[in-house]
1. Out of Phe95, Phe72, Phe87, Phe80, I need the residue that is within 23 Å of the chain's Cα centre (by Cα), closer than 14 Å to Lys173 by Cβ and in contact (Cβ under 8 Å) with a residue 12 or more places away in the chain. Which one?
2. Condition first: at pLDDT 95 or above and in a loop (DSSP other than H, G, I, E, B). Now tell me which residues in the range 258-275 satisfy that.
3. Assuming Thr359 fulfils every condition listed in (1) under 24 Å from Leu382 (Cα atoms); (2) in contact with a helix residue (DSSP H, G or I) (Cβ under 9 Å, 6 or more places away or on another chain) apart from one, which condition is it?
4. Is there any pair linking a residue in the range 250-268 that is more than 29 Å from Arg218 (Cα to Cα) to one that is surrounded by 14 or more Cβ atoms within 10 Å (Cβ to Cβ) and not basic (Lys, Arg), with Cβ under 7 Å and at least six apart or on different chains, and which?
5. Please pick out the residue among Thr133, Thr156 that is within 30 Å of Arg182 (Cα to Cα) and either touching a Gly at 6+ places or on another chain (Cβ under 8 Å) or without any contact (Cβ under 8 Å) to a residue 60 or more places away in the chain (or both).
6. Given the conditions (1) surrounded by fewer than 23 Cβ atoms within 10 Å (Cβ to Cβ); (2) modelled with pLDDT of 95 or more; (3) in contact with a Ser or Thr (Cβ under 8 Å, 6 or more places away or on another chain), report the number of the one that Thr119 does not fulfil.
7. Look at the range 325-349 and say how many of its residues are touching a Leu at 6+ places or on another chain (Cβ under 9 Å) and more than 23 Å from Phe421 (Cβ to Cβ).
Amino acid sequence: MKGFYINTCPPNIPQVFQESLSSKQISDQCIAVYKQDFELSANNLNMVGWFIYDGKLNNIEDLSNDLEKVGFQALDNIEFGVYSGVFYSSDESYFFQDNFGLNFHYLHINESEIIIAPTIKAIEDSAQLKVSTLHESFLSKRGHLFGSCTKYQKVTCLPLGAIVALSSGEIVKQKKISEIIRTTQSSLECIPSMTRSLIDKIPEESRSLALSGGFDSRLILSQSKMKSGYCYGPESSADRPIARQFKGDFDNFHEFEFDLNPASETEAQVFSELVESPEQYNDAQFINAYHTAFKLTKESDFFFDGYLGDVFQRGTYLYFPGVLGELYRFFPSLYKILPFNAKQLLKRRYSNLNKEEFTALYESFCRETQDLNLSDYNKVILYEAFFARGRRYISRGALSINGCFKEVIPVFMHPSLQSIFAAQNYHDAVSFKNIKKIWKEVDLNYKTKKFENGYSLNTPSFMMPKLALLYRLLIHFVPGFQNYSTSNKK
């Protein structure tokens, strides 16, 4: 919901977000919705969210001055952030969003009127739209779309780093993934220290972390001092007892049941209005969980999140369903011995699509990855993360819903980390070899305690997928082992 509403009906902030979100009229045609204290303005520039520029957090004055001097090139020099903004030059006004499109917006040109909003619902309420049968079918089968398409004709999900001229609706600039992922000499062993460098740019008293029993949040914790932390799920789940071992790393640490306060019909409606996925893919309980976390950690403004950390540390977007998929997970050496090309792997991951739907997906994949000098496995990972399941589905909770309560920092999306992840051998990632390199220099206290799947970093790599399968069976079928997602389905 956070972002800019340009030529739309005025947005209504739901009751559940009243304590965390505010709105402001920027101009006759533009309203900003933002987390309180995070609407940033200077001279010719208005922004929502957070960013790091010239090594400083929310350095709006210098960015505004540099936009005046060098134009859009200044936006290229933003190190990282989740943000959107409006910039006014002498002869044009522009909308822009962050280089990874994490605070993504939609664009519709309605006759001569340019409509931009962070939700499809806001555009639906402001214009007559025509459904694309192909994309609506894809959405109903997968819960998400891909590339820049939406279920409506002439409604575009703005691409990475999009800059839009507000007089015409023309996308005057956007980022290719090949422009963001750079050649690097840094190795996987550098990931922890580079994570620490990012965290250090956020004041310690403003930090909070959702700590689970997995790798991703623990790696973040190992490199930081957090003011507040929390863990949710059934009391006997793997997550809470494991996370509890690290509560001493926080000034304040909280545990709570994921479904302590069941979601109401109103909250279910709010969830549906904020995301593009059909109702059967939505779980409004996440609104309550994030709201509870917000109330317990009010002293901090930022949530650090391990968004897509499993994808980049362990190559999980190489997984595919079915018996053969389980066999490859159990014996990950098969990814090397009997490899798939990109088309074959995507076909297995999206096996319920018809020919026309898959062709549209694959053509999008080819367009977005054609400039990448990488293996097919690496291309599939990046495409899924930046153009398909990651950005268009997983981001709903981690960034969109959670971001209505606090500013979210998706640590593993930092461009420097992405450049390292993109260069790795993903066969070694899915075989649990690379994760040992990533964690090589991490303090033993964080490495030797078991993770949610029953192994630690001392477990031999070849045993990790076997233990992971065992714990997946326990989580799904044995009472007392469920996590928040499986218990909520019972």
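1. Details: Phe72 fails: within 23 Å of the chain's Cα centre (by Cα); Phe87 fails: within 23 Å of the chain's Cα centre (by Cα); Phe80 fails: closer than 14 Å to Lys173 by Cβ.
None of the others qualify; the one that does is Phe95.
2. Within the range 258-275, Val275 is the sole residue that qualifies.
3. In the conditions (1) under 24 Å from Leu382 (Cα atoms); (2) in contact with a helix residue (DSSP H, G or I) (Cβ under 9 Å, 6 or more places away or on another chain), Thr359 misses (2) alone.
4. Partner pairs satisfying both residue conditions: Glu267/Val16; Glu267/Ala284; Glu267/Ile287; Glu267/Asn288; Ala268/Ala284.
5. Details: Thr133 fails: within 30 Å of Arg182 (Cα to Cα).
Exactly one residue qualifies, and that residue is Thr156.
6. Thr119 satisfies every listed condition except (3).
7. Result for the range 325-349: 4.
Residues checked against (1) assigned by TED's automatic domain parsing to the domain that holds Phe96; (2) within 21 Å of the chain's Cα centre (by Cα); (3) within 12 Å of Phe87 (Cα to Cα):
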| residue | (1), (2), (3) |
| --- | --- |
| Asn12 | yes, no, no |
| Lys24 | yes, no, no |
| Ala32 | yes, no, no |
| Ser41 | yes, no, yes |
| Met47 | yes, yes, yes |
| Asp62 | yes, no, no |
| Asn65 | yes, no, yes |
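The values are calculated or read from the model by the stated rules, or taken from the named source; none is laboratory data. Treat the numbers as computed from the prediction; the structure is a model and nothing was measured. Every residue, glycine among them, receives a Cβ derived from its backbone with ideal geometry; neighbour counts consider all protein chains shown.
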